[in-house]
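Here is the structure we will look at, set down as structure tokens.
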Amino acid sequence: MAMTEEEILAGLGEIVDEVAGVPADQVTPEKTFIDDLDIDSLSMVEIAVAAQDKFGVEIPDDQLKDLKTVQDVVDYVRRSAVSA
Amino acid sequence: MRLTEGSPGARILAFGDYQPARVLTNDELAVTVDTTDEWIRSRVGIASRRIAAPDETVADMAVAAAGKALAGSGLSPADIDLVIVATCTPEAPIPNTAATVARRLGIAAPGAYDLNAACAGFCYALANASDAVRAGSARHVLVIGAEKLSQWVDWTDRSTCIIFADGAGAAVVGPVAEPDSAPGIGPVVWGSAGEMADLIAIKDRNSFIVQEGQAVFRWATTALHPVARKACELAGVDPTELAAFVPHQANLRIIEAIARKLGAPQAKVANDIVTAGNTSSASIPMALSRMIERGEIPSGAPALLIGFGAGICYAAQVITLP
């Protein structure tokens, strides 16, 4: 079953809250992880791992560095979920 | 052929630790490499580390930690019949460190060998010691983790020189005490992943230590909590019963992630890395020795140990705190 963009965004918000303590309602599409949400590279790895558990989409380290905004991750998960 | 008579189980009688005198702070490192105290604390969790003097050897540190453990155990050197030194930074390939350490402690003619499983070394050596006592091939074993990583660090490489440090920790292992004979060292869960060997390496004698930090972080935060849980399961101890969780002091963020996924709310989680840095095989016995000395963890309670690092090698077991 394909997830909607809203579902992915909500799930990502929960993950960011759990991993980095950033409230889910601040996790909005235009935000950048590093500058806006103050999330560092190690937390990004934890977010990628949690996203794999939650969405069944693997985000390798070499892809991770290109995912700068929340929308980037949402798009990546949607793309990968479709092609999987 | 006859076989030796063993013990129904092994236990740890005492721990000891040694840290070199020289404290190296983050601010000092920030003078020589492009980093800051805040960055190191937030990414790695280290505030300061100890660095051995140029003429201070791995054996020197091992002798100091082991001497303290031996004194704490109430045994004499003559009681020790096996010495295992877990190290990945020995002074030389031969002679090994263990025989030198034994001689300097006045232990006459014990079995003596070095063991290299890098940061998992102490847990591997502890498993060997427990098995030797149970099988009857040794009665009292000195298990030491000792490292001088500073001599393998590129002090211009900010990704590694902020992490690695020097020190030693030791444990005295012996047979279980009568009359209850409750075992004090649980079954080991160990393994390796040689396909990831390049993640942490000193490639040859002219190289420095290199580490792919992000990949190691991903592996450590995903692969290890099942190993830790399995060690609890084999020992028949639920994680909620643990009084202490003492993982290898690699990175505070890794420690916290594994602890969270393990689910051991009562356990005091070792954070020795804050003032000790990453001392590879020495980190677990050093942390335990210091936690016991500070009265943070109760004698007789269960603690979970897990070592992991280069190789890739990992090992975990539950112990009863001495």
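The values are calculated or read from the model by the stated rules, or taken from the named source; none is laboratory data. What you see is a predicted model, and the numbers here were worked out from it, not measured in a lab. Counting neighbours? That spans all protein chains shown, and the Cβs are built from the backbone with ideal geometry, glycine included. Remember, those area values only see protein heavy atoms, side chains included, never the ligands or the DNA or RNA. Shrake-Rupley method; radii C 1.70, N 1.55, O 1.52, S 1.80 Å.
Couple of notes before you dig in:
- B:S130 being farther than 20 Å from B:G16 by Cα and of a type in the set (S, T, N, Q): no
- Residue tally, condition part of a loop (DSSP other than H, G, I, E, B), small (G, A, S) and without any contact (Cβ under 8 Å) to a residue 40 or more places away in the chain, over the range B:243-284: 3
- Verdict on B:A228 being crowded, with 23+ Cβ neighbours inside 10 Å, in contact with a strand residue (DSSP E or B) (Cβ under 6 Å, 6 or more places away or on another chain) and assigned to a loop (DSSP other than H, G, I, E, B): no
- Residue match in the range B:136-157 (condition: more than 12 Å from the chain's Cα centre (by Cα) and of a type in the set (F, W, Y)): yes
- Number of positions in the range B:194-215 that are open to solvent by 40 Å² or more (accessible area, probe 1.4 Å), touching a residue at least 24 places away in the same chain (Cβ under 8 Å) and within 16 Å of B:D157 (Cα to Cα): 4
- Selection from the range A:39-74 of residues that are open to solvent by 50 Å² or more (accessible area, probe 1.4 Å), at the interface with another protein chain (Cβ under 10 Å from one of its Cβ atoms) and closer than 18 Å to A:G11 by Cα: A:Q52, A:D53
Residues checked against (1) under 22 Å from B:K230 (Cβ atoms); (2) open to solvent by 40 Å² or more (accessible area, probe 1.4 Å):
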site: B:A270; (1), (2): yes, no
site: B:I273; (1), (2): no, no
site: B:G277; (1), (2): no, no
site: B:S280; (1), (2): no, no
site: B:L288; (1), (2): yes, no
site: B:S299; (1), (2): no, yes
site: B:I306; (1), (2): yes, no
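- Meets criteria (open to solvent by less than 50 Å² (accessible area, probe 1.4 Å), in contact with a helix residue (DSSP H, G or I) (Cβ under 8 Å, 6 or more places away or on another chain) and acidic (D, E)) for A:D25: no
- Residue in the range A:29-37 that is free of Cβ contacts under 8 Å to residues at least 12 places away in the same chain, crowded, with 18+ Cβ neighbours inside 10 Å and either at the interface with chain B (Cβ under 10 Å from one of its Cβ atoms) or under 25 Å from B:R41 (Cα atoms) (or both) present: no
- Residues of the range B:21-80 that turn out to be within 24 Å of B:P285 (Cα to Cα), of a type in the set (D, E) and open to solvent by 40 Å² or more (accessible area, probe 1.4 Å), as a count: 3
- When A:E14, A:E18 are screened for being open to solvent by 50 Å² or more (accessible area, probe 1.4 Å) and more than 14 Å from chain B (Cβ to nearest Cβ), only A:E14 passes.
- Yes/no for B:W219 being of a type outside the set (G, A, S), more than 22 Å from B:G9 (Cβ to Cβ), open to solvent by 20 Å² or more (accessible area, probe 1.4 Å) and modelled with pLDDT of 95 or more: yes
- Unmet requirement for B:A287, which otherwise passes all of (1) in a helix (DSSP H, G or I); (2) hydrophobic (A, V, I, L, M, F, W, C); (3) within 14 Å of chain A (Cβ to nearest Cβ): (3)
- Checked across the range B:173-193, the condition of being at pLDDT 95 or above, open to solvent by 50 Å² or more (accessible area, probe 1.4 Å) and part of a loop (DSSP other than H, G, I, E, B) holds for at least one residue.
- Taking the numbered list (1) within 14 Å of chain A (Cβ to nearest Cβ); (2) β-branched (V, I, T); (3) open to solvent by 20 Å² or more (accessible area, probe 1.4 Å) in turn, B:I255 passes all entries but (3).
- Taken over the range B:190-247, the criterion of being small (G, A, S), over 13 Å from B:F308 (Cα atoms) and within 14 Å of chain A (Cβ to nearest Cβ) is satisfied by B:G213, B:A215.
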